[in-house]
Every structure is written in C-alpha cells, then in structure tokens.
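Below: one structure, written as structure tokens.
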Amino acid sequence: MKTLKFKLYEHKRNRYLKQSINAAGVIYNHCIALCRRYYRMWGKHLRSVKLQSHIAKLRKRNPFWQLVGSQAVQDICQRIEKAYQLFFKHNKKGVRPPGFKKVKKYKSFTLKQAGYKFLSGNRVKVGNRVYQCWKSREIEGTVKTLTIKRTPLGELFMVIVV
C-alpha cells in the first residue's frame with residue numbers, strides 16, 4: 001500500500017467539494033445522534049448496515065445530502081461502527097465514544113470504488129465535475145481509495161491509496 005497526496009488547484013468550482021465535505025459532516029453528526037438515541041432506547045449498538053439503509057432513505061428526501069456519494073456515506077457509517085467497537089472493547093481504559101464534530105471543521109470524505117475517474121493530464125473527475133490537481137508523480141498500481149481532504153486554511157488535497 002502506498003499513499004500519494006496531490007494538491008487541487010484553487011478554483012471557484014472547488015466550493016462544490018467544500019460543500020460535499022460539509023454535507024459529510026452533517027451526515028456524520030446525524031449518524032452519531034441516531035446511534036446514541038438507539039443505544040438509549042434499546043441498550044444495543046446500531047449496526048452499520050441498518051445505519052446505511054436509514055441514511056439512504058433520508059438522502060432521497062434531502063438534496064444537500066446528495067452532494068456526498070453513496071460510497072462516502074458507507075465509509076462514514078463504517079468509521080462510526082469501528083469507533084463504537086473500539087469504545088465497547090476498551091471501555092475501562094478511558095476510551096470515549098465518538099462524539100459530534102463541528103461541520104466547518106469536518107475534514108474529509110472517502111470514495112472507495114466509484115465516484116471518481118482519472119482523466120488525461122492533471123485532471124480528475126469527482127462526481128460530475130472535473131478538477132485539476134498538481135500531479136508531482138505518476139500513479140502506479142490500482143487505486144484503492146480516493147480521499148478529498150480540507151485543511152484548516154481551506155486548501156483541498158486529494159489523497160490516493162494505491
């Protein structure tokens with residue numbers, strides 16, 4: 001496994017990616033609230049599959065949530081389940097359950113198999129839009145995941161796991 005990090009050029013169309021990261025933060029907070037409510041009511045942990053199906057139903061009604069691809073939503077649900085499993089496994093050692101995050105400080109979303117395509121030159125297509133990146137080296141091997149990250153300064157980076 002190898003990780004490559006490329007900076008995306010500043011452009012006004014990047015606000016779509018920033019809105020997608022914000023939408024991912026809203027979905028994350030909603031999933032945390034659902035998990036807490038479910039645990040309070042039933043005393044059990046909400047599984048990732050049920051959480052994904054519930055969010056898929058809600059995404060049909062909310063156009064803001066549709067900015068995030070289904071693969072990214074699945075990744076968010078899997079991250080939350082992994083965090084809860086660690087919490088229940090190491091509860092006595094001071095590990096805390098996952099908490100809410102400020103949407104403006106939410107950093108990234110990950111696309112695993114679909115939702116992106118590398119075009120000729122320094123261009124990549126994420127969703128329906130084409131973005132230019134600063135490619136310092138060629139991508140060798142099969143791409144496993146593509147993560148769009150936002151720094152505190154608002155710069156966007158594309159992190160590729162090969």
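Only the coordinates and a few stated rules stand behind these numbers; no lab work does. Everything quoted here is computed from the prediction, not taken from an experiment. Cβ coordinates were reconstructed from backbone atoms using ideal geometry, including for glycine residues, and neighbour counts include every protein chain displayed.
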Charge dipole of the chain about the Cα centre (unit charges at C-beta), most positive-ward option of 91, 16, 80
91
Can you give the charge dipole size of the chain about its Cα centre, rounded to the nearest 20 debye, using +1 on the beta carbon of Lys and Arg and -1 on the beta carbon of Asp and Glu?
520 debye
Sort the following peptides by mean Cβ neighbour count (other Cβ atoms within 10 Å, averaged over residues), highest first: 132-141, 52-61.
52-61, 132-141
For region 49-114, count the residues as N, evaluate 2.2 N^0.38 Å, and divide the Cα radius of gyration by that value, please.
1.27
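Cα convex hull of region 40-162: mean projected area in nm², to one decimal?
Working: hull surface 41.5 nm².
Result: a mean projected hull area of 10.4 nm².
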Mind checking the angle between helix 48-61 and the chain's longest principal axis? C-alpha axes, 0 to 90 degrees, to the nearest 10.
70 degrees
Under the rule rounded for a/c under 1.5, else prolate if a/b exceeds b/c, else oblate, using alpha carbon gyration tensor axes a ≥ b ≥ c, region 1-70 is classed as prolate
Roughly what angle does helix 70-89 make with the longest principal axis of the chain, taking Cα atoms, 0 to 90 degrees, to the nearest 10?
40 degrees
Counting only other residues whose beta carbon sits under 11 Å from that of residue 98, what net charge do I get with K and R as +1, D and E as -1?
+4
Set Lys and Arg Cβ to +1 and Asp and Glu Cβ to -1, take the dipole of the chain about its Cα centre, and tell me which of 46, 122, 156 lies farthest positive.
46
Distance cut-off 14 Å, percentage of C-alpha pairs in region 82-131 lying past it:
69 percent
